[in-house]
Amino acid sequence: MIADKNWQEMIEHGALVDISVHYLGETGSTNQVARALVERGAPTYAVVVADSQTEGRGRLGKKWLSPPGTGLYFSIILRPVLPPEDLPKITLAAGLAVALAVEKISNLSLMLKWPNDLLLDGKKLGGILGETVNLPGEPTAVILGVGLNVNSPITAFPADLQDKVTSLLIHTGNEHSRSDLLLSVFTELKKQIQRFERSGFQGILDDWRKRDATLGKKLNWVSREGRVVMGVSMGPDEYGQLLIKDEKGQVHEVLSGDINLAGKN
Ligand code: BTN
């Protein structure tokens, strides 16, 4: 059962008139549904949006809490006209796009934490999960999954996360329309991806750096293999890698893994 009126309206009338949108009630993961759609030849910029997910996924195998009626959970299918080495930069472009879109409809200022966390007051408002699909003889497809905490009360989150996460409701005291947000985020995502394809990464990187939540701050980087490096963030470089200068002055180029501000986890 879909709880809020906006969502019901979105399903009945469609917030996005010109594109292929698959509105779901409950699903496993919209990224998983989008992958199946890619395999069936779904068009570029097709969207899968769900009211709730039973197996919502975050980066690095983490779970993404996706209860009904409160959050925005969607995936968009891209087939970027970009060389393979540019694909990791798409999550940065997407993070920028989502921040701009949320700001447009809320008058809030969001910050970004490499590679793709959206922060409000230093707390996590949302995140992006980018996955690629390679089918024989076809251009690489990218599935961009976006999760945003919209109308979630603080009690919707487990106790150990409550000082690390936020939602638009928690921050502003007001409910926000998930359909307006979907339309705004979709429009801005398409704009930033097309900007990347036409004009390259530099402009996106410059805009991203203006919102960099960890620039100059001490942080720990935990590599995929579990190695911990402590240092100061120098921000992302032109390859989309995060540069971290350790105590010996050695600069580490980070393309995957998790980063945490020193003293936090
Ligand atoms: C992260 O911050 O780790 C990324 C979270 C991404 C969550 C979204 S919700 C819609 C899409 N479907 C998923 O299973 N995950 C992404």
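No lab work stands behind these numbers, since they all come straight from the coordinates. Here the structure is a predicted model, which means the values were calculated and not measured. A quick note on method: Cβ atoms are made from the backbone with ideal geometry, for glycine too, and the neighbour counts reach across all protein chains shown.
Details
- Loop-resident sites, the range 187-238, for chymotrypsin sites (Phe, Trp or Tyr not before Pro), counting at most 15 other Cβ within 10 Å (DSSP): none
- Distance between the modelled labels on Arg209 and Thr54, one decimal in nanometres: 4.7 nm (7 Å Cα→Cβ projection).
- Counting Cα-Cα pairs of the chain in 5 Å increments starting at 0 gives whole-percent bin shares of 1, 6, 13, 17, 20, 18, 13, 8, 3, 1, 0, 0.
- Taken as entire DSSP H runs, the helices of the chain never both span 18 Å or more between Cα atoms along their own long axis and average 1.6 or more on the Kyte-Doolittle scale.
- Relative contact order (percent, whole number), the range 156-265, Cα cutoff 8 Å, 6+ residue spacing: 17
- Among the listed pairs Lys63/Lys210; Lys89/Lys210; Lys62/Lys191; Lys124/Lys210; Lys62/Lys89; Lys123/Lys248, those with a Cα-Cα distance over 26 Å are Lys63/Lys210; Lys62/Lys191; Lys123/Lys248.
- Annotation for Glu103 and Glu138: the two label points, set 7 Å from Cα along the Cα-Cβ direction, are 3.5 nm apart.
- Within straight-line cross-link reach of Lys217, aspartates and glutamates at Cα separation under 20 Å, skipping those fewer than 8 residues along the same chain: Asp117, Asp121, Asp163, Asp206, Asp207, Asp237, Glu238, Asp246, Glu247, Glu253, Asp258
- Spin-label model, His252 to Lys190: label points 7 Å out along the Cα-to-beta-carbon direction sit 4.0 nm apart.
- GNM top mover of Gln192, Gln162, Gln32 - the chain, alpha-carbon springs below 10 Å: Gln162
- The Cα atoms of the range 112-262 give a gyration tensor whose axes a ≥ b ≥ c have a/c of 1.5 or more with a/b no greater than b/c, which makes the shape oblate.
- Relative to the current alpha-carbon distance between Lys245 and Gln202, full extension at 0.36 nm per residue lengthens the span by 13.3 nm.
- The trypsin sites (Lys or Arg not before Pro) of the range 91-194 meeting both criteria, a DSSP state outside H, G, I, E and B (loop) and at most 14 other C-beta atoms within 10 angstrom of the site's C-beta, are Lys164.
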